[in-house]
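Step one of this worksheet: look at the structure below.
The values are calculated or read from the model by the stated rules, or taken from the named source; none is laboratory data. Remember, it's a predicted structure, so these values are computed and weren't measured experimentally. Glycine also receives a Cβ, built like all others from the backbone with ideal geometry; neighbour counts cover every protein chain displayed.
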Amino acid sequence: MEIQINQLSSAYQGQRCLDDITLHIPSGHIFAVVGPNGCGKTTLLKHISGVLQSDNSARAIQLNLQELGSFSTRELAQKIGAVEQHISTGFDFSVRDVVALGRIPHLSRWQRSGPQDKERVEQAIQATRITHLANRSLFALSSGERQRVWLAMALAQEPQVLLLDEPTSHLDLQYQIDMFAILQQLAAEGMTIVVAIHDMNLTLLFAQQVALMSQGQVIATGAPSEILSTENIQRVFGVRMRPVHDETSGRLAGLLPLPPMSQPSGEGTPSLSKSNIGKNE
């Protein structure tokens, strides 16, 4: 399912938090949204899911060329799965019971889950590699383990679009790679995946496209190796990075931070505009 966003804007308490966002997110891609804290990444994802609405979001966001506002809440829940950065629960469910909550959009009121629902739950548990945790209490898990449980719950919805807000923030390196390997497989099977993320090296390794955001605007979009240049990163994040290239292929494989350069007194941060940064679409 492709996502088209045309001139999406949103404000909160009189402050513009999304400003004229236009994006095309192809079907079957891992699409990364990268930017500093407060730039609007989470807000953008919540508008795509329909959780947040602005004056024009119902028309500005389209799923397979159909306006978001034409879908019911239940239809959106069947088509879009979301994993938020912070999820809490007041009930001590087992992991399997938590994952089973993902089937709710497919059940009518008071309908019990059937064999097909239970099969989808087990498939989601296997896909996220948490079979060994399935009978454990959610409260007994680490933050990283819980993150994979939330992903499994979203997959149990059988979504066509998966939205993830900082999905690797609580994971150690092994599970970060493992998480993105799972996402790669899902994208290869046709799922559209949109990830808000800080880690530019993971973005370079796994994303097909990236949108670089700053102050509620999309500054540049394109291939990660083009958009995550040292110049763009310094302008948006204010840090210097050194590119690391693969010795065999020569492709950009990562970025390493460099010590800050001392600035002459009074020298300010370069201004951000679509005319002086990166590649634009």
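Structure values in brief
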quantity	calculated
Arg112 vs. criteria surrounded by 14 or more Cβ atoms within 10 Å (Cβ to Cβ) and not hydroxyl-bearing (Ser, Thr, Tyr)	no
Single residue of segment 58-98 satisfying the filter (in contact (Cβ under 8 Å) with a residue 40 or more places away in the chain and assigned to a strand (DSSP E or B)) that is farthest from Glu119 (Cα to Cα)	Ile61
Count of segment 211-255 residues which are touching a Gly at 6+ places or on another chain (Cβ under 7 Å), closer than 26 Å to Asn6 by Cα and in a strand (DSSP E or B)	5
Members of segment 205-258 that are touching a His at 6+ places or on another chain (Cβ under 9 Å) and over 27 Å from Thr22 (Cβ atoms)	Arg251, Ala253, Gly254
Leading residue by the ranking (surrounded by the most Cβ atoms within 10 Å (Cβ to Cβ)) among those in segment 153-178 that are farther than 19 Å from Leu45 by Cβ and among the aliphatic types (A, V, I, L, M)	Ala156
Every residue from segment 34-49 that is part of a helix (DSSP H, G or I) and hydrophobic (A, V, I, L, M, F, W, C)	Leu44, Leu45, Ile48
Selection count, segment 2-16, where residues are under 27 Å from Leu204 (Cβ atoms) and in contact with a Cys (Cβ under 9 Å, 6 or more places away or on another chain)	0
Boolean, Thr22 is more than 23 Å from Leu202 (Cβ to Cβ) and β-branched (Val, Ile, Thr)	yes
The lone exception for Met200 - which of (1) closer than 22 Å to Ile48 by Cα; (2) aliphatic (A, V, I, L, M); (3) under 16 Å from the mean Cα position of the chain (by Cα) it fails	(1)
The listed residue being touching a Gly at 6+ places or on another chain (Cβ under 9 Å), at pLDDT 90 or above, closer than 28 Å to Leu8 by Cα and of a type outside the set (Phe, Trp, Tyr), out of Leu204, Leu183	Leu204
Selected residue (only one of Glu247, Glu267, Glu231 is at pLDDT 85 or above, exposed (fewer than 15 other Cβ atoms within 10 Å of the Cβ) and among the charged types (D, E, K, R))	Glu231
Enumerated helices (runs of 4 or more DSSP H) restricted to segment 99-195, each holding at least 1 residues that are within 25 Å of Gly28 (Cα to Cα) and among the basic types (Lys, Arg)	115-127, 143-156
Subset of segment 145-176 (residues that are farther than 21 Å from Glu2 by Cβ, aliphatic (A, V, I, L, M) and out of contact with any helix residue (DSSP H, G or I) (no Cβ under 7 Å at 6 or more places or on another chain))	Leu151, Leu173
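Listed here are the residues, each with its yes/no results for (1) crowded, with 21+ Cβ neighbours inside 10 Å; (2) at pLDDT below 95; (3) in contact with a strand residue (DSSP E or B) (Cβ under 9 Å, 6 or more places away or on another chain).
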{"residue": "Glu2", "(1), (2), (3)": "no, no, yes"}
{"residue": "Tyr12", "(1), (2), (3)": "no, yes, no"}
{"residue": "Thr22", "(1), (2), (3)": "no, no, yes"}
{"residue": "Ala32", "(1), (2), (3)": "yes, no, yes"}
{"residue": "Pro36", "(1), (2), (3)": "no, yes, yes"}
{"residue": "Asp55", "(1), (2), (3)": "no, yes, yes"}
{"residue": "Arg74", "(1), (2), (3)": "no, yes, no"}
{"residue": "Val83", "(1), (2), (3)": "yes, yes, yes"}
